[in-house]
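Structure first, then comments.
The values are calculated or read from the model by the stated rules, or taken from the named source; none is laboratory data. Remember, it's a predicted structure, so these values are computed and weren't measured experimentally. Note that each Cβ is placed from the backbone with ideal geometry, even for glycine, and that neighbours are counted across all protein chains shown.
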Amino acid sequence: MPATTLTISSKTYSSWSLRGWLMTKIAGVPFEEIVTGPDDASARAEILLLSPSILVPCLTYEGSRIWDTLAIGEFLNEIAPQAGLLPADRMQRAHCRAICGEMHSGFTSLRAALPMNLKANIPGFKIWSKAQADIERICEIWRECRQTYGGPYLFGSLTMADAMYAPVVTRFQTYGVALDPVCKDYCAAILAWPSMQEWIAQAHLEDEEIEELEVEF
């Protein structure tokens, strides 16, 4: 068994798996993927927002398991501080943790109304008012960070914040969400990130489908 493994679920649908995977890529820690199939109950519950306890992704490092996405990011920052998962400046670290925590615990209307589906393209999608409020808050975060830290990412260079918000970028693309130029530019930077391109390419090779997320809206 390798010293480090990352258990993930569907690359097409699993936003939390994407976050943990991107964090591990930023950290530069070599790892082996363990992929759970769509028939795995815990992974399916995570994707369909049916479980309050998210156990995927799960990082196993030297025999120890870390399964909460923020905990994974904090742990990776400890073992690979040179990677910059959290900014070096104390106040920037606090800001980064705050917006990561906001994504971790919030934006439930957006998640429910615009589920992640990397194979879908649904232009003209009607967005609920509550989901629109989430979109506006996320764009506010992106604009503030880009203005404060200069871009191209939220804190200048890649951090765990970009991993946390990357699945939102895919949702905005899937559902044709209208964005201002600053947010469009940020989305383009995330989609051009080589690790992101690798994930998306692998998602398109997946055969399985989850019928609940393949409905025609």
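Please enumerate the residues belonging to the stretch 83-114 that are farther than 19 Å from Ser15 by Cβ and touching a Lys or Arg at 6+ places or on another chain (Cβ under 6 Å). Result: Leu86, Pro87. Residue-level check: of (1) within 15 Å of the chain's Cα centre (by Cα); (2) on the phi < 0 side of the Ramachandran plot, Gln82 misses just (1). Residue pairs whose Cβ atoms lie under 6 Å apart, sitting 6 or more positions apart in sequence or on different chains, and linking a residue in the stretch 176-199 that is at pLDDT 95 or above to a partner that is among the basic types (Lys, Arg) and part of a helix (DSSP H, G or I), are Val182/Arg143; Val182/Arg146; Ser195/Lys25.
Taken together, Glu140, Glu102 contain a single residue that is more than 22 Å from Trp16 (Cβ to Cβ) and of a type in the set (Asp, Glu), which is Glu140.
Applying the set (1) in contact (Cβ under 8 Å) with a residue 40 or more places away in the chain; (2) within 21 Å of Trp21 (Cα to Cα); (3) surrounded by fewer than 12 Cβ atoms within 10 Å (Cβ to Cβ) to Leu85 leaves exactly one unmet item: (3). The single condition among (1) touching a helix residue (DSSP H, G or I) at 6+ places or on another chain (Cβ under 6 Å); (2) at pLDDT below 95 that Cys139 does not satisfy is (2). Leu154 is checked against (1) among the aliphatic types (A, V, I, L, M); (2) in contact (Cβ under 8 Å) with a residue 40 or more places away in the chain; (3) surrounded by fewer than 20 Cβ atoms within 10 Å (Cβ to Cβ) and fails just one. What number does that condition carry? With (1) among the aliphatic types (A, V, I, L, M); (2) in contact (Cβ under 8 Å) with a residue 40 or more places away in the chain; (3) surrounded by fewer than 20 Cβ atoms within 10 Å (Cβ to Cβ) applied to Leu154, the lone miss is (3).
Looking across the stretch 159-200, the residues that are within 16 Å of Ala120 (Cβ to Cβ), part of a helix (DSSP H, G or I) and not polar (S, T, N, Q) come down to Pro167, Val168, Val169, Arg171, Phe172, Leu191, Trp199, Ile200.
Return the total of residues in the stretch 85-98 being more than 17 Å from the chain's Cα centre (by Cα) and hydrophobic (A, V, I, L, M, F, W, C).
Looking only at the stretch 85-98, we keep the residues that are more than 17 Å from the chain's Cα centre (by Cα), and these are 87-95.
Next, only the ones that are hydrophobic (A, V, I, L, M, F, W, C) stay: 88, 91, 94.
Qualifying residue count for the region: 3.
Out of curiosity, is Leu158 of a type in the set (A, V, I, L, M, F, W, C), touching a Phe, Trp or Tyr at 6+ places or on another chain (Cβ under 9 Å) and not assigned by TED's automatic domain parsing to the domain that holds Ser10? Criteria met by Leu158.
Ala133 falls short on exactly one of the conditions (1) surrounded by 12 or more Cβ atoms within 10 Å (Cβ to Cβ); (2) not assigned by TED's automatic domain parsing to the domain that holds Ala178, and that condition is (2).
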